[in-house]
C-alpha cells in the first residue's frame, strides 16, 4: 500500500544541519546510556563502526529520467488564475491539472531539508513512499508552456539536490571520527570515575639521591617494585599496567646524567659500540630502580635496547642509537611507536652524535 505524507515544501521544511545534529546526538546519547562495564569490555573498533552506521545518512537520489505525468480535473480558486482571466474572487473553477511524478531512492527525509548553501526557491510537492509529485495547472492548453515550467522546476530541484548531496557527503565523511571521539570521552570518564587510571601506575621507587655524576649507588638502597592493580569490573576487562609519570621523568633524568658523563670524559667511551654504551646506562638503572631492566629483550615487532617490564608488560622502552642520518632517526621513532600499540609503554630515544 502506498503511504502518503501529504504536501511539503521541497528542500525547505527544516535546516539540514539540524537534521544532522539530531542524527548524531541520538547516537551519542545512546553511547551515554550504555552500561559502564559493557563499554569497558566491548571491542572499540567494532562498537564505533556499529554506532557510526546508526548515524550515517543515506544519500538521496532523484531519478529525473523516470518522470511520468498524470492529469485530473480540480476546482481551482480564482486567486490562482492569471490576471488575464475573468474570474470572481472567492469562487473556484474547474481546470485540468497536470501532475508530474518524480521517483527517488535513498533517504526521504532529505527532501524536506534546506542545505546551508542553497537557492532561494521552493514549491509544494506531495511526498509518498518512492516518489514526490508537483502539479502544474493547465490554464491555456499550451503544452510548451507546461513543459517549460516543468523543466524549470526540475532544474531547481536538481540544483538543490546537488547542494544537499555535497553536505551529506561531508557529514558522512566525518561522522565515524566524531562518534569515536564521543565513545573515547565516555570511556575515559568511566575509567576516571572508577579510579582505574589512578591505580594503573607502576610505583617504582627511586633510590635516595642520585648523584649528578657517574657513581654507582650501594645496592642496599634499592626499593621493591610494587603495583596497585584495579579491580576487574567484568570478565574480559584487564587494564594494562603503566609507568607513573613522576618515575618516568626520574628515569629520563638519570639517563641524561649518564649522557653528560659521556661528554665530560669522552676518552673513556670513544669507539665503543652501541651495546657497550647501552650497558653503562643499564649499570646505573639497575641499582637506582627496582625493576626488571634488561638488555636486548625481544618485544613484539623488534629488539629493544633497554626495557623495563612488569608481569609481562613493557612499561618503559629505550632505544640507543648512533646518529646515522634523518631517515634512520625517523625509522627508529616509528619502531618505538610500534612498541606502544596497544600498550601504554613510556618510550625514549638516546642518540649519540659522533664527532669527525
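Just so it is clear, none of the values below were taken in a lab; they were calculated from the coordinates. Since the structure is predicted, the reported quantities are computational estimates derived from the model, not experimental observations. Because the Cβ atoms are built from the backbone with ideal geometry, glycine has one as well, and the counts that use them run over all protein chains shown.
Annotation for residue 50 and residue 253: the two label points, set 7 Å from Cα along the Cα-Cβ direction, are 4.7 nm apart.
For segment 4-191, would you read off the P(r) tail past 27 Å as a percentage of all alpha carbon pairs? Show your work: numbers first, answer last.
On the way: 8132 of 17578 pairs.
For segment 4-191, the share of Cα pairs beyond 27 Å comes to 46 percent.
A crude spin-label estimate for the pair residue 43 and residue 121, with each label 7 Å from Cα along the Cβ direction, gives 4.9 nm. Computed extension length for residue 144-residue 33: 34.1 nm, one decimal, from 0.36 nm per residue of separation with the Cα-Cα distance subtracted.
Where in segment 146-164 does the label zone of residue 69 land, with the point 7 angstrom along Cα→C-beta and an amide N cut-off under 11 Å? Label zone hits: 146-151. Rounded to 0.05, the FRET efficiency of the residue 283 and residue 246 pair, given R0 = 25 Å and the Cβ-Cβ distance, is 0.65.
R0 = 30 Å: FRET efficiency of residue 151 with residue 18, Cβ-based, nearest 0.05?
Numbers: r = 31 Å, r/R0 = 1.05.
Efficiency, rounded to the nearest 0.05: 0.45.
With both labels modelled 7 Å from their Cα along Cα-to-Cβ, the residue 181 to residue 273 distance reads 5.0 nm.
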